[in-house]
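A.B. asks: Below you'll find the structure I mean.
The values are calculated or read from the model by the stated rules, or taken from the named source; none is laboratory data. Here the structure is a predicted model, which means the values were calculated and not measured. Note that each Cβ is placed from the backbone with ideal geometry, even for glycine, and that neighbours are counted across all protein chains shown.
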Protein chains: 2
Amino acid sequence: MQQKLGKWSLRFTEAPFILESSSVVGTKEADGPLGGLFDIVGKDDRFGQNTWEKAESSMQRDALTMALGKAHLDASDMDYVFAGDLLGQSMATTFGVENFRIPWFGVYGACSTCGESLSLAAAFVAAGYARHAVAVTSSHFGSAEKQFRFPNQYANQRPVSATWTVTGSAAFIVGSGAGGNETQTGCDNEWTGGDNADSISKKVQIEGITTGVVVDYGIKDAMNMGAAMAPAACELIVNHLSDFGRKASYYDRIVTGDLGSVGQKILIDLCRQKGVDISKNHEDCGMKMFDATNQNTGSGGSGCACSATVLSAYYLPKLRSGELKRILFVPTGALLSPVSFNEGESVPGIAHGVVLEAVM
Amino acid sequence: MQQKLGKWSLRFTEAPFILESSSVVGTKEADGPLGGLFDIVGKDDRFGQNTWEKAESSMQRDALTMALGKAHLDASDMDYVFAGDLLGQSMATTFGVENFRIPWFGVYGACSTCGESLSLAAAFVAAGYARHAVAVTSSHFGSAEKQFRFPNQYANQRPVSATWTVTGSAAFIVGSGAGGNETQTGCDNEWTGGDNADSISKKVQIEGITTGVVVDYGIKDAMNMGAAMAPAACELIVNHLSDFGRKASYYDRIVTGDLGSVGQKILIDLCRQKGVDISKNHEDCGMKMFDATNQNTGSGGSGCACSATVLSAYYLPKLRSGELKRILFVPTGALLSPVSFNEGESVPGIAHGVVLEAVM
């Protein structure tokens, strides 16, 4: 059966499932509105390491280990890991995944990495290339600020459009339907996703994916990533709805990664210009993560871990419990490099879409 | 049919083809032993740009444009581009691919990127997800030295184990068998691959792939990348032969990416310890690229572009002409980050294997 759908999308004939997932976050994230939902919270943001980069790798190890534990699977059961992060040469992932000895396809999609890695993991499972594939990503406020902006010790002022890089990591084990049934049965008791734990019954299927292109609106403000990413998110959503022949209202939620409150306004306006109204069902993981007023996080949370941890801890339980039926998950990435930025280049955006559906 | 083979490999039921490819190099590469084989040579290494990073993006654009031209295809015929480079946040690729508006999966595999991107492109075509997918990568001596080692102006001394980052880019259009036939017929006249141009008749099939894990031997010498990568290459080759049930002698050539002469010795020794003799059929793209003695390039060429341009300009024509029948192509990557390196971390390696076979 034809799986390619339109120009930008795939609809899987044998749609795979997210069998299990896990989330690890730092202290500030734990203090936010979703604080009680995450699986692991570090007692401080160093996670027992002496550098931010090693702390980030440590979170990846914890996330992957926890997800394997929930699924009652070993690392050797994973056929592939699709993983990446924000740092130069994906260094958090190199040292995060190395001890698991899982064949690794390194990915780079800036903060859209969760969407890219889930897309590839789903594609590999749906093609029969893998029985299980795991998608992992991470970000860390300390390592990201140090790399992209200013030394933390400068205590530089942040405009309201600035976002706050989430310290965290998440891992998602994707498997085929058959594997899903077995695994789900074996691990229901271990799910600790807050209030919904008792009512978990549905499985979360990845029905299809829509893959993004680089979208460059010429934004040159590294403190306004929402504006850099909103055009890419808009284009992804419009392309997705066109490919699948759907209205925005088909989805209970259209969930972007880390546009923040500033980026959300731009996205809703841009979509409206294209004749698509997402004002009623759009949510943004960056706006869910922090209490912007009391936590002084500006426009919202950002980073690869933002969409990844919020998906794992907040949205997946709502799909499993039946509270939500269908989500278009759209992690967004600002293709910001400190070198190209300092050379006067713009900050293009990209977004990757994943259709998540709750099924019995 | 089962496509997963052993623990680390896939053998495609519907094996895709490399329909066309292209290579772009700088001046030093053009002065080397393979100089006459490359498609495009820059008149200087800036490629009309004012920074090394932009020059690298420019080479990607040239490579992709040339490959599309050879195949008589438009960018809109490409369902996906799998592309990445060595630079932080894959910046050369961001600006290299953006104007083509092809759905982009960003990849990171250090200098093994050509193997990773070809693997994913082949997997997507073989699964029926894409009619055409293109794999692109690049590296640039200027941007790499600046990022990883010392400012070029230091004119620092280089030990004999140091390699020389290749300035170049290559693009590979992967398609299904049917597409291949049509396309090949239409473009034979345009192939400019040196002496073999008249006798081209065979198609190059990607029979399967073997995917690498992070292998860390604790190497901490950023001037000896061959030693960092050789263990990963050894493990990949041994895993591959085990998965496919083959002897090393099955292949006319086992071709690594950029181990250089220092890394080659280590690889051959390590393989011998595992009971695998590759001494007779091993070649390394890094040793092909330059005349080490006269060009003062130390152990050999390196960088994502090393294996990619040598595959496109040197090995693919030999497969098409029938001079070679089967190659195990093993681009090798040193997972070197200047940040983690300066924090005292080791330089792990990775390698990705692609089986290339000439068929009628």
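A.B. asks: Just checking, how many residues over the range A:74-93 are surrounded by fewer than 24 Cβ atoms within 10 Å (Cβ to Cβ) and either within 17 Å of A:Ala308 (Cα to Cα) or out of contact with any helix residue (DSSP H, G or I) (no Cβ under 7 Å at 6 or more places or on another chain) (or both)?
C.D. replies: Counting residues in the range A:74-93 that are surrounded by fewer than 24 Cβ atoms within 10 Å (Cβ to Cβ) and either within 17 Å of A:Ala308 (Cα to Cα) or out of contact with any helix residue (DSSP H, G or I) (no Cβ under 7 Å at 6 or more places or on another chain) (or both) gives 3.
A.B. asks: Next question. Identify all residues within the range B:141-156 that are of a type in the set (D, E, K, R) and either surrounded by 21 or more Cβ atoms within 10 Å (Cβ to Cβ) or in contact with a strand residue (DSSP E or B) (Cβ under 9 Å, 6 or more places away or on another chain) (or both); write none if there are none.
C.D. replies: B:Glu145 - this is the single residue of the range B:141-156 that is of a type in the set (D, E, K, R) and either surrounded by 21 or more Cβ atoms within 10 Å (Cβ to Cβ) or in contact with a strand residue (DSSP E or B) (Cβ under 9 Å, 6 or more places away or on another chain) (or both).
A.B. asks: Moving on to the next point. Are any of the residues in the range A:254-264 without any contact (Cβ under 8 Å) to a residue 24 or more places away in the chain and either acidic (Asp, Glu) or closer than 12 Å to A:Trp164 by Cα (or both)?
C.D. replies: no
A.B. asks: Specify the residue that is farthest from the other protein chains (Cβ to nearest Cβ); the eligible residues are those in the range A:83-103 that are over 19 Å from the mean Cα position of the chain (by Cα) and polar (S, T, N, Q).
C.D. replies: This residue is A:Asn99.
A.B. asks: Moving on to the next point. Restricting to the range B:336-360, name every residue that is buried (at least 20 other Cβ atoms within 10 Å of the Cβ) and under 19 Å from A:Gly84 (Cβ atoms).
C.D. replies: B:Leu336, B:Ser337, B:Ser340, B:Glu345, B:Val347, B:Pro348, B:Gly349, B:Ile350, B:Ala351, B:His352
A.B. asks: Further, regarding this structure: How do the pairs read when you match residues in the range B:133-151 that are free of Cβ contacts under 8 Å to residues at least 40 places away in the same chain with residues anywhere that are of a type outside the set (A, V, I, L, M) and in a strand (DSSP E or B), using Cβ under 7 Å and keeping only pairs 6 or more apart or on different chains?
C.D. replies: That search, which allows pairs on different chains as well, returns B:Glu145/B:Thr165.
A.B. asks: If you don't mind, there's one more thing I want to ask. I'd like to check something: does the range A:22-43 contain any residue that is polar (S, T, N, Q), modelled with pLDDT of 95 or more, touching a helix residue (DSSP H, G or I) at 6+ places or on another chain (Cβ under 8 Å) and buried (at least 22 other Cβ atoms within 10 Å of the Cβ)?
C.D. replies: Yes, the conditions are met somewhere in the range A:22-43.
A.B. asks: If you take the residues in the range A:94-140 that are surrounded by fewer than 24 Cβ atoms within 10 Å (Cβ to Cβ) and among the charged types (D, E, K, R), which one is nearest to A:Glu56 (Cα to Cα)?
C.D. replies: Top of the filtered list is A:Glu98.
A.B. asks: A further question on this structure: Restricting to the range B:267-310, and then to whatever is in contact with a Gly (Cβ under 8 Å, 6 or more places away or on another chain) and of a type in the set (Asp, Glu), can you tell me which residue is farthest from B:Tyr217 (Cα to Cα)?
C.D. replies: The qualifying residue farthest from B:Tyr217 (Cα to Cα) is B:Asp291.
A.B. asks: Among the residues that make up the range A:14-32, is at least one of them outside the structural domain of A:Leu335 (by TED's automatic domain parsing), in contact with an Asp or Glu (Cβ under 9 Å, 6 or more places away or on another chain) and closer than 30 Å to B:Met78 by Cβ?
C.D. replies: yes
A.B. asks: Here's something else I'd like to know. Working carefully through the options A:Ser23, A:Ser90, find the one that is of a type in the set (S, T, N, Q) and more than 30 Å from B:Asp243 (Cα to Cα).
C.D. replies: Answer to the check: A:Ser23.
A.B. asks: Looking only at the range A:94-115, count how many residues are free of Cβ contacts under 8 Å to residues at least 60 places away in the same chain and part of a loop (DSSP other than H, G, I, E, B).
C.D. replies: Residues that pass the stated criteria total 4.
A.B. asks: From the list A:Gly333, A:Gly322, which one is of a type in the set (Gly, Ala, Ser), in contact (Cβ under 8 Å) with a residue 24 or more places away in the chain and surrounded by fewer than 23 Cβ atoms within 10 Å (Cβ to Cβ)?
C.D. replies: Checking each option against the conditions leaves just A:Gly322.
A.B. asks: Output the residues belonging to the range A:59-73 that are surrounded by fewer than 24 Cβ atoms within 10 Å (Cβ to Cβ) and more than 13 Å from chain B (Cβ to nearest Cβ).
C.D. replies: Those that are surrounded by fewer than 24 Cβ atoms within 10 Å (Cβ to Cβ) and more than 13 Å from chain B (Cβ to nearest Cβ): A:Asp62, A:Thr65, A:Met66, A:Leu68, A:Gly69, A:Lys70, A:His72, A:Leu73.
A.B. asks: Somewhere in the range A:15-22, is a residue within 14 Å of chain B (Cβ to nearest Cβ), in contact (Cβ under 8 Å) with a residue 40 or more places away in the chain and at negative phi?
C.D. replies: Yes, there is a match, as at least one residue in the range A:15-22 is within 14 Å of chain B (Cβ to nearest Cβ), in contact (Cβ under 8 Å) with a residue 40 or more places away in the chain and at negative phi.
A.B. asks: Which residues, taken from the range B:136-159, are in contact with a Ser or Thr (Cβ under 6 Å, 6 or more places away or on another chain), among the small types (Gly, Ala, Ser) and within 13 Å of chain A (Cβ to nearest Cβ)?
C.D. replies: B:Ser139, B:Ala144 - these are the residues of the range B:136-159 that are in contact with a Ser or Thr (Cβ under 6 Å, 6 or more places away or on another chain), among the small types (Gly, Ala, Ser) and within 13 Å of chain A (Cβ to nearest Cβ).
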